[in-house]
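The next block holds one structure in the form of structure tokens; read it before the comments.
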Amino acid sequence: MDTHRTIDAIWRIESSRIIAHLTRMVRDIGLAEDLAQDALVTALERWPETGMPENPGGWLMTVAKRKALDMLRRNKLRDRKYELIGREQEPWADSEPDVPEPGEVGDDLLRLIFMTCHPVLSPEARVALTLRLLGGLTTAEIAHAYLTSEATVAQRIVRAKRTLSATRVAFEIPQGPELKPRLSSVLEVIYLMFNEGYAATSGSQWIRPLLCQEALRIGRILAEIAPAEPEVHGLVALMEFQASRFKARVDQRGEPVLLMDQNRGLWDYLLIRRGFAALERVEQLGGMTGPYAIQAAISACHAGAPKAEDTDWIRISALYEALAQVSPSPIVELNRAVALSMAFGPEIGLEIVDILQAEPSLKGYHLLPSVRGDLLFKLGRLDEACQEFKRAASLTDNQREKQLLLSRAAECASSGE
């Protein structure tokens, strides 16, 4: 069981690169995922007996490539048998990589994102498929992130792969005027990849730094491809600010440390400077109006505060108001409630949260009772706060977060005695 858990962790890290590389080889995203899964099955069969290889990611990639090459050779042999007229063809060479054309970005992961975010797919299908293939998220995790059912997400993914295969969508990064219409979906997917790494929806770890690093790396590449797009720089700025807190987000035991309790001396100020530089680029482009730029400005308020008590919550509240105008959602409202409670008192925030309890999409969202519990705790309504923390704990699949919420419930119970 320990070996299987280790393999699962390795797969979450390596699967996106393997699937992206295989997609370039076989030009079929569904087939690429099947071949990658075959390599995973081989690892599950062999590693418990032979032990973990020195480079497990490289081992999986090698096995997957061999399976792809075997399949391509079989298909080529089959096609030759059916040829009526013999003609010379270039032999398949194992050692010849695909060489990018001049000006083409040779990054398979970014190509895969653009492929899975093609306009032939619905916006919901684009996000679900990309998170599945690049983020390594399960259908349950994607459903949780989107507050929808697991069956709905599974159907979207299956249909999306069939559509991409049937329409023969190219494995490429669009150029010129074709690039801009595809950006919004790509940015959304990168953002969700980063968020899953920043606060994992399930598992035994609260954060998945490698997933965040991959999302940030892809975002930086995208900023080079589309330098005149303010929202691209806005998203990069947001990720730089958020990533700067990683060392302070968990303690030595891996337990979560909330923002207001973090040791800001552990923040990565190089990333913070990069965040401010990206935000300055947004301002130069006159684009401090999009949702990612506004969220980056909110993160900048935290990054610029030397101590938690120095945080400008009034400005953050105003920025959340602006965000609610350009990108309204119940989750934005929940965050606005938190900001208002910090700026003007918990009673103000609780009024908004109480209204949000009637929102159907937040019925299974654990942060709603978590926030409500915190506001009730600050108001001294400890019994109610205890129940809210317990309810929040029952709704999260992340074990670290569950323990944090249960400890807060216990704190309420002990304080009320």
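What to note about this one:
- Selection from the range 301-314 of residues that are assigned to a helix (DSSP H, G or I) and either under 27 Å from the mean Cα position of the chain (by Cα) or of a type in the set (Gly, Ala, Ser) (or both): 301, 302, 303, 308, 313
- A single entry from 369, 360 fulfils the requirement of being within 26 Å of residue 320 (Cα to Cα) and crowded, with 17+ Cβ neighbours inside 10 Å: 369.
- Residues of the range 380-417 that are touching a helix residue (DSSP H, G or I) at 6+ places or on another chain (Cβ under 6 Å), surrounded by fewer than 16 Cβ atoms within 10 Å (Cβ to Cβ) and not in a helix (DSSP H, G or I): 416 alone.
- Checking each residue in the range 325-359 for being among the aliphatic types (A, V, I, L, M) and under 30 Å from residue 268 (Cβ atoms) picks out 326, 331, 332, 334, 337, 338, 339, 340, 342, 343.
- Filter result (under 19 Å from residue 17 (Cβ atoms) and either assigned to a helix (DSSP H, G or I) or among the charged types (D, E, K, R) (or both)) within the range 48-64: 54, 56, 57, 58, 59, 60, 61, 62, 63, 64
- For the range 340-364, filtered to residues that are under 28 Å from the mean Cα position of the chain (by Cα) and assigned to a loop (DSSP other than H, G, I, E, B), the residue that is nearest to residue 328 (Cα to Cα) is 359.
- Yes/no for residue 257 being without any contact (Cβ under 8 Å) to a residue 24 or more places away in the chain and either under 28 Å from residue 366 (Cβ atoms) or among the β-branched types (Val, Ile, Thr) (or both): yes
- Residue ID - nearest to the chain's Cα centre (by Cα), chosen from residues in the range 139-167 that are outside any helix (DSSP H, G or I) and touching a residue at least 12 places away in the same chain (Cβ under 8 Å): 146
- Matching residues in the range 250-294 - criterion: being among the basic types (Lys, Arg), within 21 Å of residue 306 (Cα to Cα) and surrounded by fewer than 20 Cβ atoms within 10 Å (Cβ to Cβ): 264, 273
- Qualifying residue in the range 353-366 (condition: out of contact with any Asp or Glu (no Cβ under 8 Å at 6 or more places or on another chain), closer than 24 Å to residue 319 by Cα, touching a residue at least 40 places away in the same chain (Cβ under 8 Å) and of a type outside the set (Phe, Trp, Tyr)): yes
Throughout, read-outs are computed from the coordinates displayed, never taken from laboratory work. This structure is a prediction, so every number in the text was calculated from the model and none was measured. Because the Cβ atoms are built from the backbone with ideal geometry, glycine has one as well, and the counts that use them run over all protein chains shown.
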